[in-house]
Amino acid sequence: MSIKSKRNRVRCHASRCPTHPGASIRELALAPINVKLSRKEIAKRLGVTLYALNKVWKEQGPVTAEFALRLGRFLKTTPESWLNMQRSYDLWQGERRLYTELKRIRVLRRSEIRKST
């Protein structure tokens with residue numbers, strides 16, 4: 001998902017919001033393996049506060065690089081997968097929040113770039 005500009009038009013490609021990593025943690029990562037751990041125990045094993053885990057779990061906070069490293073280790077996944085999910089979510093949200101403002105930004109033309117001497 002990305003912003004493409006063609007003749008100064010901004011187009012948002014994905015009409016559906018990408019899944020927040022918190023939803024994936026809840027629904028995809030932990031449910032299929034029937035994890036019988038409480039959120040408190042998961043937070044403890046991740047080495048984060050229950051508050052930090054709940055922020056992500058409830059889709060109210062982002063997965064940071066450090067959090068992704070911890071999740072990757074705990075769930076035997078890659079940290080990159082969690083960060084890519086967060087990046088896609090953030091970009092989609094940002095496109096919608098800034099849509100009108102982004103349309104007003106003039107694209108830099110080659111003729112406006114000075115050649116170095």
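Read-outs: derived from the displayed coordinates by stated rules, not from any lab. Quick caveat, the model's predicted, so the values are computed rather than measured. Cβ coordinates were reconstructed from backbone atoms using ideal geometry, including for glycine residues, and neighbour counts include every protein chain displayed.
Look at the Cα gyration tensor of region 19-101: its axes a ≥ b ≥ c give a/c of at least 1.5 with a/b over b/c, and that counts as prolate. Look at where the Cα atoms of region 28-87 and of region 103-117 average out, and the two centres are 42 Å apart. Exposure proxy shown here: for Leu53, Leu108, Leu30, the number of other Cβ atoms within 10 Å sets the order, fewest to most, as Leu108, Leu30, Leu53.
By the count of neighbouring beta-carbon atoms within 10 Å, fewest first, Lys44, Lys103 end up ordered Lys103, Lys44. Could you please report the charge total around Gly72, scoring K, R as +1 and D, E as -1 over all other residues with beta-carbon less than 14 angstrom from its beta-carbon? Taking every other residue near Gly72 into account, the sum is +2. The Gln93 and Arg114 beta-carbon pair, evaluated with R₀ = 41 Å, returns a calculated FRET efficiency of approximately 0.70.
Within the same chain, aspartates and glutamates fewer than 8 places from Lys58 are excluded, and of the rest, those with a Cα less than 15 Å from its Cα are Glu27. Net charge near Pro62, counting Lys/Arg +1 and Asp/Glu -1 over other residues with Cβ under 10 Å of its Cβ? Result for the neighbourhood of Pro62: 0. In this simple spin-label approximation, Lys76 and Arg106 carry label points 7 Å from Cα along the Cα→Cβ vector, and these lie 5.7 nm apart.
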